[in-house]
1. Of everything in the stretch A:110-155, what is charged (D, E, K, R) and more than 29 Å from the chain's Cα centre (by Cα)? Give them in sequence order.
2. Can you tell me which residue is nearest to B:Thr192 (Cα to Cα) among those in the stretch B:64-81 that are in a helix (DSSP H, G or I) and open to solvent by less than 70 Å² (accessible area, probe 1.4 Å)?
3. Looking at B:Pro113, B:Pro128, B:Pro100, which is the one that is of a type outside the set (Asp, Glu) and free of Cβ contacts under 8 Å to residues at least 40 places away in the same chain?
4. Is the stretch A:199-218 home to any residue that is farther than 21 Å from A:Trp154 by Cβ, open to solvent by less than 50 Å² (accessible area, probe 1.4 Å) and without any contact (Cβ under 8 Å) to a residue 12 or more places away in the chain?
5. What tally of residues in the stretch A:219-236 results from selecting those that are more than 14 Å from chain B (Cβ to nearest Cβ), in contact with a Phe, Trp or Tyr (Cβ under 6 Å, 6 or more places away or on another chain) and buried (at least 19 other Cβ atoms within 10 Å of the Cβ)?
6. Within the stretch A:310-320, is there a residue that is more than 25 Å from A:Ala133 (Cα to Cα) and aliphatic (A, V, I, L, M)?
7. When A:Ser91 is evaluated against the numbered criteria (1) without any contact (Cβ under 8 Å) to a residue 40 or more places away in the chain; (2) open to solvent by 10 Å² or more (accessible area, probe 1.4 Å), which criterion, by number, is the only one it fails?
8. Within the stretch B:26-52, restricting attention to residues that are within 8 Å of chain A (Cβ to nearest Cβ) and polar (S, T, N, Q), which residue is least open to solvent (accessible area, probe 1.4 Å)?
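The values are calculated or read from the model by the stated rules, or taken from the named source; none is laboratory data. Keep in mind that what you see is a predicted model, and the values were worked out from it rather than measured. Heads up, the Cβs are rebuilt from the backbone with ideal geometry, glycines too, and the neighbour counts pull from every protein chain shown. For the accessible areas, the whole protein counts, side chains as well, though only heavy atoms, and no ligand, DNA or RNA atoms are used. Shrake-Rupley method; radii C 1.70, N 1.55, O 1.52, S 1.80 Å.
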Amino acid sequence: MQAWQKLLIVAALATIIVVAGTLVYFNYFSKRRLFISTTTSLYDTGLLDEIEADYEATHNVDLNIVAVGTGIAIQHAKNGDADVVLVHSPSVEKSFLEDGYGVNRKIIAYNFFTIIGPEDDPAGITGKTITEALDDIVAYGESLADQSGQTQIWVSRGDNSGTHSKEKSLWSKAGYDYESIAEERWYASAGQGMGATLNVANQKEAYCLADIGTYLKFYSDGTISLPALILEEQSLLNVYSVMAVNPTVPANQTIHEQINFNDAMDFIQYLISPETQQLITNYGKDTYGQSLFTGAVQPLIDDTPQPIVSWIQDYAFFDGSECPPQYRNGYAELYT
Amino acid sequence: MVDILGGIAKAFELIVSGDPELYGIVSRSLLFSGTAVILAALWGTPLAMLIAFKDFRGKTVIKTFFSTLIGLPTVVLGLILFLIFSRGGPLGFLGLLYTPASIIIGQAILVTPILISIGVSAIESVDPEIMDLAKTLGASESQAQIAVLKEAINGILLSNIASFNRAIAELGVVLLVGGNIAGGGNRTDVLTTAISRYTQRGEIDFAIALGILLMIIIFAINLVVVIARKANYIVALVKSPFSKMKRSVRETER
């Protein structure tokens, strides 16, 4: 036998040891793992860090949080790489449920998107409705002397996230074709998370659609200096929901055998418990002077405060329910 | 605006104070990339020997193939491995996605072309007489190959260091197959992914501190290379009996 052959056998053994060691460790020694695919806006604010610490303190489960945009979070879940998805894009959630990948949806929190922009507000959108504001931004973009693409006045997430789909729907509601707006020279697509996009908008002194949670964190840290120009209105509502990944998708049994459904449901019940709802509502109040998120479970039961509850129902309910019966899998107590 | 100087000052405070979060990330980076390079060296060295010692058709094509792969973009490899390790992918049943093992294997694959390319040229540049001489002196084929390998130790060492540099500085593989998971008992965030996360979160001083530490690690390793190349050259000469003999043979010929 030649030297390289002997050495190659050693290498093969070493590789097997690394893989086998990992398998044994994660199957027999570590805590159960729950994979949560989530949107960057929940993660970048630090809320999930707090929830993770609180949950792991009382449960023998290791939360593995992978923060991506809603688009990729849903994709992860379809691949079977997530047990729970925490997202904020009702239209995407609806098709996720309809395709049979998600079950037991619960609306857990809401806040508002905001449009931020340069302090001197060259397009003059302050105090206007969102449709008027977008008209003004387009007019301002077209009036720019520099149409070389160097000056960009609108920065988009551009990553198929919940915030990005919100932006698309706002453009079409204002009467614009999103595809052609995205081609404009003054339109920039960051293709990154909320935090990174805010940084880009700040560098470019551009307008940008942001979720209020991430925005407030960055603004009060002094990381960005752009003020919020348009706040709470119905079309800027932002609703966060949680869904468990369906363990019994007929299309691909093999993938979903590994889905940790029991812990996923336990985590959902934890999220909607009054204590956790309080934690969500209180998060950041001390630091930022206002809530970054508001727990939605109790308001939906109490039907107050109005008009926000009816806005949530208009925007994020499917067939008059947060999760129509055909998309539920046990756990009837969630919906009483 | 971002306060760069203030950020740097705070970063140094964090480094000096021995912040456990910071050094946890550094130690994970060193552990994952170090293991990856050791693993890759274990299979890369014999493969380099195979290519260098054997004469076969398509040898040039194979060598070109590996030297091209040195430039493989890390995100492309990350994407391929993500699809393979994903629970829906061919190796999904192993459950390796988002574990340290997937990072180690990914980085090991990433640096294998470096180890093979540099290794092959190091072995090939060893004087062929060494092999003949070893065999004349009664060494078996296998022992003779080891003798040549010892002569090439400088090049092999260089390839290992270059591999470690590439592994610890890459972002694509660790981000896509590691998942940059920051909490719990199974953390997979390392220097590069943590820098990206803290920058996105606006925690710039932490990101700067991590950046400084990453630069220090890479600088220290390159310093070691410079010293080792000088020192080891002598060590290699002393250690290998065949090169000594060859020299004495030459001298007597003269």
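1. Hits for the stretch A:110-155 are A:Asp120, A:Glu142, A:Asp146.
2. First, pick out the residues of the stretch B:64-81 that are in a helix (DSSP H, G or I): B:64-69, B:74-81.
Remaining after also requiring open to solvent by less than 70 Å² (accessible area, probe 1.4 Å): B:66-67, B:69, B:74, B:76-78, B:81.
Values: B:Phe66: 26, B:Ser67: 25, B:Leu69: 22, B:Thr74: 13, B:Val76: 17, B:Leu77: 16, B:Gly78: 14, B:Leu81: 18 Å.
Restricting to residues being in a helix (DSSP H, G or I) and open to solvent by less than 70 Å² (accessible area, probe 1.4 Å), the top hit is B:Thr74.
3. Working: B:Pro113 fails: free of Cβ contacts under 8 Å to residues at least 40 places away in the same chain; B:Pro100 fails: free of Cβ contacts under 8 Å to residues at least 40 places away in the same chain.
Exactly one of B:Pro113, B:Pro128, B:Pro100 is of a type outside the set (Asp, Glu) and free of Cβ contacts under 8 Å to residues at least 40 places away in the same chain, namely B:Pro128.
4. The answer is no; no qualifying residue exists.
5. So in the stretch A:219-236, the residues more than 14 Å from chain B (Cβ to nearest Cβ) come out as A:227-236.
Then keep just the ones that are in contact with a Phe, Trp or Tyr (Cβ under 6 Å, 6 or more places away or on another chain); that gives A:232, A:234, A:236.
Now narrow it down to the ones that are buried (at least 19 other Cβ atoms within 10 Å of the Cβ): A:236.
Residues flagged as more than 14 Å from chain B (Cβ to nearest Cβ), in contact with a Phe, Trp or Tyr (Cβ under 6 Å, 6 or more places away or on another chain) and buried (at least 19 other Cβ atoms within 10 Å of the Cβ) within the stretch A:219-236 amount to 1.
6. No, the stretch A:310-320 contains no residue that is more than 25 Å from A:Ala133 (Cα to Cα) and aliphatic (A, V, I, L, M).
7. (1)
8. Going through the qualifying residues, I end up with B:Thr45.
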